[in-house]
Amino acid sequence: MFEAVEELIGEHADLEKQLADPSVHADQARARRLNKRYAELTPIISAYRAWRQNAEDIDTAREFAADDPDFAAEVKELEAGREALTEKLRLLLVPRDPSDDKDVILEIKAGEGGDESALFAGDLLRMYLRYAERTGWKTELIQSNESDLGGYKDVQIAVKAKSNAEPGQGVWARLKFEGGVHRVQRVPATESQGRIHTSAAGVLVLPEAEDVDVEINANDLRIDVYRSSGPGGQSVNTTDSAVRITHEPTGIVVSCQNEKSQLQNKEQALRILRARLLAAAQEEAEKEASDARRSQVRTVDRSERIRTYNFPENRISDHRVGFKAYNLDQVLDGELDPVIQACADADSAAKLAASQS
């Protein structure tokens, strides 16, 4: 496995040389691409050098220990540290998801359960907004369709990472594990006899596409405008500002009516469309390649029930990795990291096992 690092060292040195050339920075797109790759490789190179230095230190300590037994303890200490260094390097060499640096568009849709499902969709939205706040991410409401009782029939938000995020630590790297059906068990606000009901809401997480990721031919789009519905200001419900875009080659339909102007709604709808087209292209590529390293945690089938939120027991369970905790109230307040980390660890372990097979 470590033979591949020698090639990466050469690539890293070449990138460093290119980035030192002032002419490279005249092309900002190229400079960003080179900087991104350089930042991805730097932790691997640093870990490899530490691993090699550890091996040399062990050999030196053993030589000293042959003449002076007092060095035996240092040998054991260095050998103990070698296992941790080796594991760190193995994990860094696991193939990365190319979208891990991307921001996301997150959609929540009410499912089975009527008004209760819509209220739960609102709870999930608050959970993700609080998690984003704790993590230092920015959020932006793109589109929402509120229910009569204050929940959401569907809602879409954009989540953006800090500009100084570490390579591979974008929003997608964490929230990609949230896609699927989320089930809730509780006594609904609409229940008069205190019975526990089960309902569900669906979460769809899409890496946000840039213009360079997806090329959309204007001739492939059918754009319809119509009058907005639901609560709004003076211009909403009185002008044809809502926009529906149909991508005819794929049949993907996106609607947006939250903004006051038709142009703004069109821009937001195109933003969602790009993200969906990128996700569809990535899933198709995975399917065609039959990638053996595909995560055992994330599945293409987003209808899979991934998690249960049990209010009477204050319990949250992730069915993919066997995670269970009794702090549901804290999780819904945004303390989502332990749940996500359990999924991320399982994902890394699966990729590591696949890379060694």
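Only residues that are of a type in the set (D, E), assigned to a helix (DSSP H, G or I) and either in contact with a His (Cβ under 8 Å, 6 or more places away or on another chain) or over 24 Å from E3 (Cα atoms) (or both) were counted in region 51-72, giving 3. Filtering region 313-357 to residues that are open to solvent by 20 Å² or more (accessible area, probe 1.4 Å) and β-branched (V, I, T) leaves only V321.
For region 122-216, which strands (runs of 3 or more DSSP E) that fit wholly inside it have 2 or more residues that are closer than 24 Å to E313 by Cβ, open to solvent by 30 Å² or more (accessible area, probe 1.4 Å) and at pLDDT below 90? Steps first, please.
Numbers: elements: 138-146, 152-160, 180-186, 197-207.
By residue number, 197-207.
When you check R62 against the structure, is it charged (D, E, K, R), open to solvent by 80 Å² or more (accessible area, probe 1.4 Å) and under 30 Å from I157 (Cα atoms), yes or no? The answer is no for R62. Applying the set (1) modelled with pLDDT of 90 or more; (2) surrounded by fewer than 16 Cβ atoms within 10 Å (Cβ to Cβ) to E267 leaves exactly one unmet item: (1).
Residue by residue, here is whether (1) within 17 Å of A350 (Cβ to Cβ); (2) open to solvent by less than 50 Å² (accessible area, probe 1.4 Å); (3) among the basic types (K, R) holds:
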{"site": "L78", "(1), (2), (3)": "no, yes, no"}
{"site": "R82", "(1), (2), (3)": "no, no, yes"}
{"site": "K88", "(1), (2), (3)": "no, no, yes"}
{"site": "L91", "(1), (2), (3)": "yes, no, no"}
{"site": "P95", "(1), (2), (3)": "yes, yes, no"}
{"site": "D100", "(1), (2), (3)": "yes, yes, no"}
{"site": "D103", "(1), (2), (3)": "no, yes, no"}
{"site": "E107", "(1), (2), (3)": "no, yes, no"}
{"site": "G113", "(1), (2), (3)": "no, yes, no"}
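The set of residues in region 86-105 being in contact with a Lys or Arg (Cβ under 8 Å, 6 or more places away or on another chain) and not in a loop (DSSP other than H, G, I, E, B) consists of V104, I105. Only one of the numbered conditions (1) open to solvent by 80 Å² or more (accessible area, probe 1.4 Å); (2) at pLDDT below 90 is not met by K17, and that is (2).
The values are calculated or read from the model by the stated rules, or taken from the named source; none is laboratory data. The structure displayed is predicted, hence computed values, not measured ones. Heads up, the Cβs are rebuilt from the backbone with ideal geometry, glycines too, and the neighbour counts pull from every protein chain shown. For the accessible areas, the whole protein counts, side chains as well, though only heavy atoms, and no ligand, DNA or RNA atoms are used. Shrake-Rupley method; radii C 1.70, N 1.55, O 1.52, S 1.80 Å.
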